[in-house]
1. Which net charge results for the neighbourhood of Tyr146, defined as the other residues with beta-carbon distances under 12 angstrom from its beta-carbon, given Lys and Arg at +1 and Asp and Glu at -1?
2. Summing +1 for each Lys or Arg and -1 for each Asp or Glu, what net charge is found among the other residues whose Cβ lies under 12 Å from the Cβ of Ala120?
3. Residue by residue through the range 129-138, what is 3J(HN,Hα) from phi via Karplus (6.51 cos²θ - 1.76 cosθ + 1.60, θ = phi - 60°)? Round to whole Hz and write x for glycine and proline.
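Bear in mind that the values in this text are calculations on the coordinates, not laboratory data. Quantities reported herein were computed from a predicted structural model and do not represent experimental measurements. As a convention, Cβ positions derive from the backbone with ideal geometry for all residues, glycine included, and neighbour counts pool all protein chains shown.
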Amino acid sequence: MKKIIFASLVLGAVALTAPAHAIDSTGCGLGSMAWRGQSGILPQVAAVTTNGTFGTQTFGITFGTSGCDPNGRVTGGTQKMVLAFLENNLEQFAMDAAAGQGETITTLAGIMNMDEKTVAEKTYQNFAVLFPNENVDAVDVTLKFYQIMKA
């Protein structure tokens with residue numbers, strides 16, 4: 001048992017002191033999408049923690065959402081990432097957009113690599129465009145959201 005603990009400590013120390021060559025080594029999942037493009041230990045730990053806490057990486061790999069596909073490739077395109085996120089968080093995004101603040105807005109700002117305040121203001125001001133009725137689907141909201149953010 002002592003050998004296993006010692007080996008774990010040595011491997012952990014090597015992992016912590018080894019230079020990080022990868023900008024983002026967290027793979028796919030909600031956390032990876034939210035902190036995409038940010039470098040350093042803290043954003044990567046936050047991404048991994050989010051993925052692990054909510055199971056989004058496993059779910060994404062299994063069902064091809066959250067920037068993942070079943071073959072292990074990270075799918076590209078900001079619009080695809082926004083759609084993957086909204087497919088799983090549309091109701092919460094509607095509430096956050098109506099309030100002009102919230103976790104989904106923070107996450108979408110990260111995905112879009114935009115200022116959170118700008119995303120919050122635009123979603124709040126365009127709530128009726130994003131959600132014209134209660135039967136709107138994630139694809140429609142994604143297309144409208146993307147157009148609003150790029151305008």
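1. Charge balance near Tyr146 sits at +3.
2. Value of the local net charge: -3.
3. Taking θ as phi minus 60°, the curve returns 6, 5, 10, x, 7, 7, 9, 5, 10, 4 Hz for the range 129-138.
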